[in-house]
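Quick notes on the structure that follows.
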Ligand SMILES: *Cc1c(COP(=O)(O)O)cnc(C)c1O
């Protein structure tokens, strides 16, 4: 018999009743240190008092009105994001997937308005993840995501991650846009080097192709800058945002330059819930905290401390780990043992991590994790790795 929840997830046998900062608590009182943060969503941890206050204050005033009307919280959030980033304009969605839909539509509409309706081709990359909608799975392009779902949305070309020669050859005056995660998340925390991001911008500029960054996972302070692309000193034309921006409230955004957004006039796109007062009130509170030099400095300092401790962990368990990669508090432990075993052993050690492709264990802690929690996290990872090593030995 089919379960009452459509069984599209293989869930861990864990169920939490309460969250407190970097901790998730089960009904029996067991406390798990959460280095997954809902897959980079709970940027300020669980039940953050400032977010609770922003949400409950707004909930007592007004939940939802529709984008038929002006929404002051949405206006304030758009103004803030435009102020903080390359963008001139913002559209609010409820998820990263919906941000992908609009990014693709916006890029194609741009060329349509330029009188080049045939310029629809979007170049994307193997190993990427852009969501589960028809456009999202087409953009990622893997057989795993697309097989069995009928005709796949056309107009996507996929290149190997980091193959800059292939990219130079592929981007032509037929290319509408290049869509890329500056750091692949689901693909295994694979950063594109800064010099390659710079080269990518130049390659796009040479033909006018628009550059779309998917910062759904790597954005909103995760790498120690407000957005990951800031490290490379280049800006996109369009950017997808979600996950951390809502701190746990479902919210996403597409940010764009005025030129890239030129085709998106009244009636061309919409969303019932996108940018509603609740989501925007919470996101404003998230940015108030995250988009400050002091907060981002702290992220960088903690990232350095975590990374240093992880190097020690890797040295202590060469039969389990091979290295660490990533940026800021978006780190991936590359594994020799199966990454899934490490994640599972973490459950016994009461630490939560997230598996990714390429046999990687992802660490995406709340950005306000404390130094003591970082030390505790590495101690628990050490326990998990010891258990994995013991079972590897037994199996051998
Ligand atoms: C999670 C994710 C998405 C999809 O976001 P949803 O909110 O799950 O729809 C898209 N792109 C990247 C890079 C992601 O990590």
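The values are calculated or read from the model by the stated rules, or taken from the named source; none is laboratory data. Here the structure is a predicted model, which means the values were calculated and not measured. Heads up, the Cβs are rebuilt from the backbone with ideal geometry, glycines too, and the neighbour counts pull from every protein chain shown.
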Just for the range 231-245: of the residues that are crowded, with 24+ Cβ neighbours inside 10 Å and in a loop (DSSP other than H, G, I, E, B), which one is farthest from the ligand (Cβ to nearest atom)? 237
Here is a list: 248, 224, 187. Which entry is closer than 28 Å to residue 276 by Cβ and surrounded by fewer than 24 Cβ atoms within 10 Å (Cβ to Cβ)? 248
If I filter the range 224-235 down to residues being under 16 Å from the mean Cα position of the chain (by Cα) and touching a residue at least 60 places away in the same chain (Cβ under 8 Å), which single residue comes out as nearest to residue 192 (Cα to Cα)? 228
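One line per residue, one yes/no per condition, for (1) within 16 Å of the ligand (Cβ to nearest atom); (2) under 21 Å from residue 245 (Cβ atoms); (3) within 25 Å of the chain's Cα centre (by Cα); (4) at pLDDT 95 or above:
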| site | (1), (2), (3), (4) |
| --- | --- |
| 65 | no, yes, no, yes |
| 68 | no, no, no, yes |
| 87 | no, yes, yes, yes |
| 92 | yes, yes, yes, yes |
| 102 | yes, yes, yes, yes |
| 117 | no, no, no, yes |
Looking across the range 168-184 at residues that are assigned to a loop (DSSP other than H, G, I, E, B) and crowded, with 17+ Cβ neighbours inside 10 Å, the single one that is nearest to the ligand (Cβ to nearest atom) is 181
Quick check, is residue 78 surrounded by fewer than 23 Cβ atoms within 10 Å (Cβ to Cβ) and under 26 Å from the mean Cα position of the chain (by Cα)? yes
Checking the structure you have, find out if any residue of the range 15-26 is assigned to a loop (DSSP other than H, G, I, E, B) and more than 16 Å from the ligand (Cβ to nearest atom). yes
Hey, can you tell me all the residues within the range 190-214 that are under 14 Å from residue 236 (Cβ atoms) and within 16 Å of the ligand (Cβ to nearest atom)? 192, 197, 211, 212, 213, 214
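Given the structure, is residue 107 part of a helix (DSSP H, G or I), within 16 Å of the ligand (Cβ to nearest atom), over 22 Å from residue 40 (Cα atoms) and more than 20 Å from the chain's Cα centre (by Cα)? Let's see the steps before the verdict.
Working: part of a helix (DSSP H, G or I): yes; within 16 Å of the ligand (Cβ to nearest atom): yes; over 22 Å from residue 40 (Cα atoms): yes; more than 20 Å from the chain's Cα centre (by Cα): yes.
When the stated conditions are applied, residue 107 passes them.
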Being without any contact (Cβ under 8 Å) to a residue 60 or more places away in the chain, within 16 Å of the ligand (Cβ to nearest atom) and more than 17 Å from residue 210 (Cα to Cα) narrows it down to one of 150, 154, 141, 96, so name that one. 141
Scan the range 131-151 for residues that are out of contact with any strand residue (DSSP E or B) (no Cβ under 6 Å at 6 or more places or on another chain) and assigned to a loop (DSSP other than H, G, I, E, B) and report the count. 9
Quick one: count up the residues across the range 359-375 that are surrounded by fewer than 17 Cβ atoms within 10 Å (Cβ to Cβ) and either touching a residue at least 60 places away in the same chain (Cβ under 8 Å) or under 21 Å from the mean Cα position of the chain (by Cα) (or both). 3
Options 187, 219: the member that is within 12 Å of the ligand (Cβ to nearest atom) and under 15 Å from residue 328 (Cβ atoms): 219
